[in-house]
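Derivation of every value follows stated rules applied to the coordinates shown; laboratory data play no part. Please read all numbers here as calculations on a predicted model, not as lab measurements. Here the Cβ positions follow ideal geometry from the backbone for every residue, glycine too, while neighbour counts run over all protein chains shown.
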Amino acid sequence: MQLRDYIFRRLLVLPILIIGVSIVVFTLTRVGGSPIGIYLSHEMTPSEVAEIQARFGLDQPVWVQYLQWAKGILQGDFGYSGVAAAPVSDIFPLKLAATMELAAAAGCVALFLGITLGTFAGARRNRLPDHITRIVAVSGASLPQFWFGILLLIVFWAQLGIAPIGRSDATIFASIDHPTGLYTIDAILAASPKAFWDAVWHLILPALTLGYGATAIIARMMRSALVEELQQDYVDAARAKGLAEKIVLKRHARRNALVPTVTVIGLTFGFLLQGTITIEIIYRWPGLGRWMADSVLRGDQGTLMTYVLFTSVLFLLVNLIVDVVYANLDRRVTLGK
Amino acid sequence: MLDATQASENVASVRDLKVHFQSKRGVVHAVDGVSFDIQDGETLGLVGETGCGKSVTGRSFLRLLPVPPGILAGGAVSFRPHGPCTACEGAGCEACAKTGRRASGDQPVDLLSISLQDMRRIRGDRIAMIFQDPGKALNPTLTIGAQMSEVFLQHRTAELLDRAGLPPDTAGAVRRFAAQEPRFGDGLILKFPPKRGQRAKLQVALNQMVTEALAETQVPNPAKLMDRFPHELSGGMRQRVMIAQALACNPDLLIADEPTTALDVTVEARILELIRALQQRRKTSVLYISHDLSLVRRICDRVAVMYAGRIVEIGTTEDVFANPRHPYTRGLMAAVPTAGTARGKLAAIRGTVPELVDPPLECRFAGRCPYETATCRQNDPSLQPVSGGHSVACFIDHPTGSQDAPSFDRVTE
C-alpha cells in the first residue's frame with residue numbers, strides 16, 4: 001500500500017476514535033463529580049444549586065449534556081476554567097506552548113542522549129562505557145522525577161545560584177513579541193540573542209530532569225537492540241567487504257537497531273507528557289501540567305476534559321507518526337493489510 | 001579445474017592454525033592445528049560435520065571470528081595476493097584473463113598478524129566471502145544497490161572518480177564520499193551546488209559499476225534490481241547478489257561458506273555453475289566449505305576432510321573419493337544415501353563429535369571408529385602423506401610400530 005494512502009486511511013479513522021475517546025472522557029469526568037462543584041459554597045441553599053444546575057442544562061439526561069458539550073467543542077467552546085478564571089480556549093494555547101517547548105526540549109535531550117549512549121554502550125558491550133551507561137540508565141529509570149528535580153534545584157539554584165527558575169526573566173520576556181508562544185522560537189524570530197539565551201537557560205534544568213527518564217529507556221532499548229544486531233550475519237558480511245567499523249556500526253547495525261527503538265520512542269512521548277506535571281510544579285513552569293494539577297485538585301472539569309481529549313488526540317497522531325517512521329526504516333513492514 | 005601446465009603456486013597457506021573459544025566450561029579448541037595450502041586457481045573443498053571447525057577456519061582468512069569472541073591462539077595464514085600481470089602490466093590481456101593481475105612473486109602476508117587497516121584493504125578486494133544464508137547476510141534495511149556500492153566505494157575509489165570524469169586528485173566532501181569516509185555534514189554539502197553535480201556524476205558511475213557486476217551473475221534486469229530490498233528477492237536471487245558483491249573486485253581468493261545450503265535444490269545447481277564459471281574466468285581460487293560430499297566431489301579439485309578441529313585427510317578429489325584412507329572419511333561416504341540404498345538402511349557414524357574443551361591426547365575419532373585399537377586411545381596421529389598429494393592422520397596407514405596397529409580388515413567395535 002502506498003504510504004500516502006495509508007496515512008489518508010488512518011486519518012479517516014481518526015474522527016471515530018476521537019468520538020470514542022470523548023465519550024469516555026465525558027463519562028469518567030461526570031463520575032468524578034459535579035461540574036459546578038468548583039462554584040458551589042456551603043452557604044447556598046438546595047434551590048439555588050438546582051437553579052444553577054438548570055441554567056447549565058445539568059438537569060437534562062446525561063447524553064443530552066454530552067451532545068451539548070460536543071457541540072460546544074465543535075464550535076470552539078471548550079468551557080470555562082474556574083482555576084484560570086477565563087474561557088479554556090483563551091488560556092489553553094498559551095499553556096500548551098509552554099508545555100510543548102519543555103516537552104520538545106526534553107524529547108530532544110532524550111533522543112540525542114539515548115541513541116548516542118545506547119550506540120556507545122552497545123558497540124562496547126561489557127566494557128567500561130557499557131557499565132557507565134548502565135548506571136546512567138538504571139538511575140534514570142528509577143530516580144523519581146520530583147526528587148531528582150528538587151535535587152538539581154538545591155544544587156544549581158539554591159546552593160550555586162547559577163540556574164534560574166521559572167520560564168523566563170520577566171523584563172526580557174516582555175521585551176519581545178510572542179507570535180508562537182514558544183519562547184525560543186519567538187526569540188529567534190525577534191532576532192534577540194539575549195532573549196534566546198534567557199529561554200535556553202531557563203529550559204536546561206527542567207528539560208534535563210524531564211528527559212533523563214526517557215533517556216534511560218531509549219538508551220537501554222538502543223543498547224540491547226544494537227547488541228542483537230551486531231551478532232547478525234550481515235554485520236560480518238559488511239566487515240567482509242572491508243568497510244570501516246564506523247560504517248558497519250552506523251550504516252548497518254544502528255539503522256536496524258533503530259527499528260525497535262522507534263516504538264519505544266513513541267511510547268516515551270506519553271512518559272514525557274505525564275512527567276510535565278511534576279516538572280512544571282517543581283520548576284514553576286507555567287504550562288499545561290501545572291494548570292492541570294490545580295484543575296484536578298479543585299474540580300475544574302472544563303479544563304480537565306479539554307486536556308484529556310487533547311492529549312488523547314496527540315497520542316493517536318504520535319502513534320501514526322511512529323508507524324510511518326517504522327515503515328520507512330524497515331521496508332519489510334507493510335502498512336495496512 | 002587446474003590445468004597441468006600452470007605452475008601450482010599457493011595463493012594461501014595455513015600453518016598450524018589454532019582458534020579457541022572461551023566458554024563457561026573452559027577453552028574450546030575449535031580449530032586445533034590445521035595446516036593446508038590453497039593452490040592458485042584451484043577449488044579446495046573443506047568438508048566435515050557441523051561444529052568441526054570448518055567455518056571458523058574459513059573465517060580466519062578474513063579474521064572474522066564469531067561471537068563469543070574467538071581467539072586466534074596460534075599459527076599463520078599466509079596469503080600471496082596477485083600482482084600486476086607481467087605480460088600486459090595491468091592493462092588486461094589474454095594471459096591474465098583480462099583481470100590485469102596474475103599470480104606473481106609478491107611477498108606473502110600473514111593475515112593473522114597484519115594491522116586491521118591492512119586487513120580491511122584485503123577484505124572484499126583480494127579475499128571475499130560468500131555466506132551460507134544470503135537472507136541473513138544482506139542488510140534488510142538497505143537496497144541492493146546501496147549494499148553493492150559499498151564494495152566499489154571502499155576499494156575502487158580511483159576507478160570511480162575516473163569513470164565519473166573527475167580528476168584523480170579530487171578532494172573534500174566529494175572525495176570523502178567516493179572513498180567512503182563520510183564526515184558529519186558531508187551529506188548536506190553534497191546536496192547543494194557546487195558539489196551536487198559531482199555527486200550525481202559519481203552516482204551514475206557507481207550505478208554503472210554495480211549494474212555491470214550484477215549482470216555478471218546473469219540476473220534479469222540488473223539495473224532495476226538495484227532499488228530493491230533483499231526481502232523482495234528470492235533466495236537464489238539473493239545469493240546471486242552476494243556472489244556479484246563478493247566477486248565485484250576480482251578477488252584472488254573466495255571463501256564460500258556453504259553457499260547453497262540455504263537454497264532450494266533446484267537453484268543449487270545453477271548457483272554452483274555460476275560460481276564455477278566466474279571463478280574460471282577470473283582465475284580465482286576458492287575455498288569451498290560444505291558438508292555435502294557429493295557436491296564437493298562434483299566441483300572441487302582437492303578435498304580436505306575436517307574432524308573435531310583437525311584435518312584428518314587431504315588430497316585430490318579423485319584420490320580421496322576413490323581411495324579414502326581415514327575411517328571418518330569412509331564413514332562420511334557411507335552415510336550418503338544413493339539410489340541403491342534400500343529403505344530403512346541409512347548408515348550413520350555412531351556417537352557424536354567429542355567436546356573440544358581440553359581435547360584428549362588420543363585419536364579424536366577413537367570411540368566412534370569401528371577399527372580402533374589400544375594404540376588409537378593412547379596416541380594422537382598426525383597428518384602424514386600416503387602418496388603424492390594425499391595425506392591422512394590415521395594409524396592404519398602410519399602404524400607406530402607397536403603390535404596393536406588398527407587395520408581396515410579388522411572391525412573392533
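Structure data summary
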{"item": "Hz values of 3J(HN,Hα) by residue in the stretch A:76-87 - Karplus curve (6.51, -1.76, 1.60), Gly and Pro given as x", "result": "x, 9, 9, x, 10, 8, x, 5, 8, 6, 6, x"}
{"item": "Estimated FRET transfer efficiency (residue B:146, residue A:70; beta-carbon r; R0 51 Å; 0.05)", "result": "0.50"}
{"item": "Alpha-carbon centroids, the stretch B:146-194 and the stretch A:51-89: separation in whole Å", "result": "64 Å"}
{"item": "FRET efficiency, 1/(1 + (r/R0)^6) with R0 30 Å, evaluated for residue B:221 and residue B:294 via beta carbons", "result": "0.35"}
{"item": "Leading residue at positive end of dipole, the protein assembly as shown (Cβ point charges), from B:342, A:22, B:203", "result": "B:203"}
{"item": "Within 10 Å of each Cβ in A:224-237, the average number of Cβ atoms from other chains", "result": "4"}
{"item": "Separation of the residue B:412 and residue A:319 label points, Cα + 7 Å toward Cβ, nm", "result": "7.2 nm"}
{"item": "Candidate lysines - alpha carbon under 29 Å from residue A:71, same-chain residues fewer than 8 apart omitted", "result": "A:95"}
{"item": "For the stretch A:86-329, diffusion coefficient by Stokes-Einstein and Kirkwood Rh (Cα), 37 °C, 0.692 mPa s, µm²/s", "result": "167 µm²/s"}
{"item": "Computed magnitude of the charge dipole of the stretch A:3-81 (debye, nearest 20; Cβ of K, R +1, Cβ of D, E -1)", "result": "580 debye"}
{"item": "Other protein chain Cβ atoms within 10 Å, averaged over every residue that makes up B:137-146", "result": "5"}
{"item": "Computed [θ] at 222 nm, helices only, for chain B once each DSSP H run of length n ≥ 4 contributes -39500 (n - 2.57)", "result": "-9000 deg cm²/dmol"}
{"item": "Cα centre as origin, Lys/Arg/Asp/Glu Cβ charges: the protein assembly as shown dipole, Debye", "result": "640 debye"}
{"item": "For the stretch B:33-45, 3J(HN,Hα) per residue [Karplus equation, 6.51 cos²θ - 1.76 cosθ + 1.60, θ = phi - 60°, Hz, x = Gly/Pro]", "result": "x, 9, 9, 6, 10, 10, 7, 5, x, 8, 10, 9, x"}
{"item": "Sequence-separation-based contact order of chain A, relative, with Cα cut under 8 Å and 6+ spacing, percent", "result": "28 percent"}
{"item": "Distance in nm between pseudo-label sites at residue A:49 and residue B:208 (7 Å out along the Cβ direction from Cα)", "result": "8.8 nm"}
{"item": "Estimated distance in nm for a label pair at residue A:274 and residue A:7, the labels positioned 7 Å out from Cα along Cα-to-Cβ", "result": "3.0 nm"}
{"item": "GNM top mover of A:226, A:210, A:189 - chain A, alpha-carbon springs below 10 Å", "result": "A:189"}
{"item": "Charge dipole (debye, nearest 20) of the stretch A:86-329; +1 at Cβ of Lys and Arg, -1 at Cβ of Asp and Glu", "result": "900 debye"}
{"item": "Length released on extending from residue B:377 to residue B:116, taking residue separation times 0.36 nm less the Cα-Cα span", "result": "89.8 nm"}
{"item": "Exceeding the 26 Å Cα-Cα cut-off - candidates B:191/B:224; A:241/B:224; A:246/B:54; B:54/B:345; A:241/B:18", "result": "A:246/B:54; B:54/B:345"}
